[in-house]
Amino acid sequence: MKSYLDGALTVEQLGGDPAAGAFRAADARGAVAWLARGGSYQYLHVVEYAEAGVRRGFHVHADHTEHLYVFLGSLRLLARRDGQTVDLELSAGHLAVMGPGVAHGLIAREPAVAVILGHGSDPVHDVQPVPDLA
C-alpha cells in the first residue's frame, strides 16, 4: 500500500491472498474482487466510463471517505489536499481510499468500470465541485 497527501489518500494493488482482507483473484474465467470485510458503508455504486477521455468527479467531500476500486480498465486519478497534488495511474485491481478533504477527479484511459463504497456524511449533500485538476 502506498500513501499520499500526508496519509489522506492510499492506493494498493489487490493481490490474491484472501487472508489480507480485500483481495482480487483472476483466472481464465475472469476476476473476483472482495472489497470489504466488516466495516460500515452507507452506499455502494458502480460507475462506467464508456470510453477514453471520460471525466468524472472533480469534487471534494468535507466529512466523507470514498473507497474506489477499479474493476475493469484504467483510470487517471488526480487528487489534491492542502496544496499538494498527485497524479496516479490506476488499473484493474487498484483500490484507492480518499479521506475527507481530498479533492479528486478521474479520467478514463480506456473504457473502465469502478466500484465505489463510502462512509461518513451523505456524499450527495456533502459535495463541493472543484476546478478540473488536470
(request) Provide a single number: the residues in region 69-105 that are open to solvent by less than 10 Å² (accessible area, probe 1.4 Å) and under 22 Å from ALA36 (Cα atoms). (result) 10
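This table checks each residue for (1) under 14 Å from ALA103 (Cα atoms); (2) assigned to a strand (DSSP E or B).
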position	(1), (2)
VAL32	no, yes
ARG37	no, no
SER40	no, no
GLY57	yes, yes
ALA62	yes, no
HIS67	yes, yes
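Residues are listed down the side, and each one gets a yes or a no for (1) modelled with pLDDT of 90 or more; (2) not aromatic (Phe, Trp, Tyr):
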| residue | (1), (2) |
| --- | --- |
| ALA26 | no, yes |
| ARG29 | yes, yes |
| TRP34 | no, no |
| GLY38 | no, yes |
| GLU48 | yes, yes |
| GLU51 | yes, yes |
| HIS61 | yes, yes |
| HIS67 | yes, yes |
| GLY73 | yes, yes |
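Name the residues in region 18-42 that are surrounded by 11 or more Cβ atoms within 10 Å (Cβ to Cβ) and either farther than 23 Å from LEU75 by Cα or of a type outside the set (A, V, I, L, M, F, W, C) (or both), would you? Explain how you work it out, then say what you get.
Start the filter on region 18-42 by keeping residues that are surrounded by 11 or more Cβ atoms within 10 Å (Cβ to Cβ), which leaves 18, 20-26, 31-36, 41-42.
PRO18, ALA20, GLY21, ARG24, TYR41, GLN42 - these are the residues of region 18-42 that are surrounded by 11 or more Cβ atoms within 10 Å (Cβ to Cβ) and either farther than 23 Å from LEU75 by Cα or of a type outside the set (A, V, I, L, M, F, W, C) (or both).
For region 51-62, which residues satisfy the criterion of being open to solvent by 70 Å² or more (accessible area, probe 1.4 Å) and either of a type in the set (S, T, N, Q) or more than 16 Å from the chain's Cα centre (by Cα) (or both)?
GLU51, ALA62
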(request) Mind listing whichever residues of region 102-122 are of a type in the set (Lys, Arg) and in contact with a His (Cβ under 6 Å, 6 or more places away or on another chain)? (result) none
(request) For HIS125, indicate whether it is in contact (Cβ under 8 Å) with a residue 40 or more places away in the chain and either loosely packed, with under 14 Cβ neighbours inside 10 Å or part of a strand (DSSP E or B) (or both). (result) no
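The values are calculated or read from the model by the stated rules, or taken from the named source; none is laboratory data. Everything numeric here is computed off the predicted structure, so don't read it as measured data. Cβ coordinates were reconstructed from backbone atoms using ideal geometry, including for glycine residues, and neighbour counts include every protein chain displayed. Note: accessible area is taken over every heavy atom of the protein model, side chains too, but ligands, DNA and RNA are not part of it. Shrake-Rupley method; radii C 1.70, N 1.55, O 1.52, S 1.80 Å.
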